[in-house]
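Before any comments, here is the structure.
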Amino acid sequence: MANRTIGARGALLALAFAGAFLVLVGLGAARADGAGPATAIILAGTPGENGWYTSDVNVSFVAADTSGAGINHTEYRFYLNDSPWIIYKGPFNLSQEGQTAIYYRSVDNASTVEPVKTAIVKIDRTPPAISYVLTPAPNANGW
């Protein structure tokens with residue numbers, strides 16, 4: 001198991017991972033002055049081509065607070081305006097094929113809310129299939 005340290009405007013996060021393909025999206029300052037929560041999404045699965053995964057994808061979040069107040073909670077949802085926020089309690093799997101948008105943010109103990117971030121998770125476990133039709137049909141000798 002390898003450890004990686006990522007700086008986020010004065011805060012350090014240590015991430016541990018073992019052989020999984022990880023994608024870190026959007027760890028940065030929440031406000032122009034750099035104060036407040038900053039959240040990264042970590043996607044782990046079998047990578048395919050062009051950003052697609054060929055397996056289920058494990059989703060987790062890592063948050064840091066650069067103001068010193070500390071993280072109160074991280075939350076996510078799958079629809080931008082119509083669904084309630086889900087409090088993040090631990091990693092979860094996405095298995096639905098196609099593209100899934102995940103909206104996420106963190107809130108610190110000073111009630112500073114990070115601007116909403118978005119990640120698109122693309123899953124395609126269906127291998128390609130080829131079919132053919134002979135035109136014209138073969139003659140009696142198979143030609």
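Restricting the range 41-89 to residues that are among the hydroxyl-bearing types (Ser, Thr, Tyr) and modelled with pLDDT under 95, the residue that is nearest to Arg125 (Cα to Cα) is Tyr79. For the range 36-143, the strands (runs of 3 or more DSSP E) that sit wholly inside it and include 3 or more residues that are open to solvent by less than 50 Å² (accessible area, probe 1.4 Å) are 37-45, 57-65, 71-77, 98-108, 117-123.
For the range 98-127, the set of residues classified as among the polar types (S, T, N, Q) and in contact with a His (Cβ under 9 Å, 6 or more places away or on another chain) consists of Ser106 only.
Yes or no: Leu24 surrounded by 13 or more Cβ atoms within 10 Å (Cβ to Cβ), over 17 Å from Thr118 (Cβ atoms) and modelled with pLDDT under 95? Considered against the rule, which asks whether it is surrounded by 13 or more Cβ atoms within 10 Å (Cβ to Cβ), over 17 Å from Thr118 (Cβ atoms) and modelled with pLDDT under 95, Leu24 comes out as no. Pairs meeting the criteria (first residue in the range 42-65 and touching a residue at least 40 places away in the same chain (Cβ under 8 Å) and farther than 25 Å from Arg105 by Cβ, second residue acidic (Asp, Glu) and open to solvent by 50 Å² or more (accessible area, probe 1.4 Å), beta carbons under 9 Å, at least 6 apart or on different chains) are Gly48/Asp124; Trp52/Asp124; Thr54/Asp124.
The values are calculated or read from the model by the stated rules, or taken from the named source; none is laboratory data. Here the structure is a predicted model, which means the values were calculated and not measured. Cβ: placed from backbone, ideal geometry, glycine included. Neighbour counts: every protein chain shown. All accessible areas refer to the heavy atoms of the entire protein, side chains included, with ligands and DNA or RNA removed. Shrake-Rupley method; radii C 1.70, N 1.55, O 1.52, S 1.80 Å.
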